[in-house]
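Participant: Starting off with a structure, shown below.
Here, each number is a calculation from the coordinates, and none is a lab measurement. If you're wondering where the values come from, they're calculated on a predicted model, not measured in any experiment. Neighbour counts run over all protein chains shown; Cβ positions are idealised from the backbone, glycine included.
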Amino acid sequence: MTAGQVARGERDPFGALQRFGAFLQAEGIAVTPEALATFGRALEAIDLAEREQVFWAGVATLVRERDDQPAYARAFDAFWLPLASAPAERSRGTLKYSIAALPIAEDAVERDERGQTFARARYSALELDSEKRFADYTPEEFARFLAAVSAWRVAAPLRRSRRPARAPRGRIDVRRIVRDAMKFGGEPIAPSFRKTAQRPRRVIALCDVSGSMEKETRTLLAFFHAGVASGAPFEAFSLGTRAVRLTRALRQGDAAAALRRAAELARDWGGGTRLGSTLRAFLDRWGQRGLARGAVVVIVSDGWERGDVGLLGEQMARLKRLAHRIVWVNPRKAAEGYEPLAAGMAAALPFVDAFVSGHNLASLDELVRALFETRHDAARPVE
């Protein structure tokens, strides 16, 4: 993050500092104008190109309670990372950086009443054709894509937690007031407030590894690898002739090594697929036991079903009752005049909340937006 990058997001850099203070307040961290002014003076004395220096300058000047440091770290990444990775000049047909999310730095506090924050995945400075289909990548382009994945940061959508969190204002926390009063002979000294806390929502990727989806699946699986490697609650499974859990393989830091390990685990990679039976196997072994409950489930498949189409419809209805939201990624959707005529796709579509293509870099923005939407936001599939 340099001074010039901050200025691109805000004509008056001090206005960005003020909004950062408001952002911290919304996260439950009490920040005074004096502390923000001290933070601004600290920024003048350090190298703004060094993220760690900026981060610790904020810790030293803005964070007064040790318990607030995790919330500060999340707020720091959520607010400043979009500005630091803001796109420079883009040439036609190439992509140096992708937004891959909704912007949050400008109006996060006012716009997002649910407190939802959106991760910005940075695609690195490597030039790749944003409109070129993943299936048409040359080996060199795919290698550059995998190298760029290592720099991506992907966060999970948020959900309400049952446990409240401390806040500078909000609902009065009677229990904490009484507990604190016991330290002063029963006299309440200061008010305490609480707010509804939020936790990351699990994201589960079910990837069709059949021959017709091999190239697209390996590229999209690299995207989900970025979520797993970032420490977000991402899970990944292969759907072929059987269901295989790939999450542990995707924890490898290097995307290429992670994909090789995933292919070794999914021994049916590049073979056929039976979506209905493998989806049932996933639900019986993992989903019904709690993994899919309240999760955002992403199914990557072209919808070609070689097994019982009726069984696929039954299992999709079963998944719908468990999941918070179902997103179907079908690269064939990008074709001109596409209609979901495949029997498997037609059977599954009534239970899908968002239907996206995910066939190239540009379409990944659409996929990320679908992940962060809620059921109230999605009355119809994303077009």
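Participant: Cut-off under 17 Å on the C-alpha distance; same-chain residues fewer than 8 positions from K215 excluded. Which lysines are left, in chain and number order?
Facilitator: Within the straight-line cut-off, K215 pairs with K132, K333.
Participant: Right, another one. Per-residue counts of other Cβ atoms within 10 Å, averaged by peptide: what ranking do you get for 161-172, 217-228, highest first? Intermediate values should be presented prior to the final figure.
Facilitator: Details: 161-172: 13.7, 217-228: 24.7.
In descending order of packing, they fall as 217-228, 161-172.
Participant: Another question about this same structure. Can you list residues from other chains, or at least 5 along the same chain, whose modelled amide H is less than 5 Å from the amide H of G307?
Facilitator: L275, G276
Participant: While we're looking at this one, here's another question. Could you give me the ³J(HN,Hα) list for segment 250-257, computed from phi with Karplus coefficients 6.51, -1.76, 1.60 and θ = phi - 60°, whole Hz, x at Gly and Pro?
Facilitator: 7, 6, 4, x, 8, 5, 4, 5
Participant: What nm value, rounded to one decimal, do you get for the distance between A147 and I46 when each label is placed 7 Å out toward the C-beta?
Facilitator: 3.1 nm
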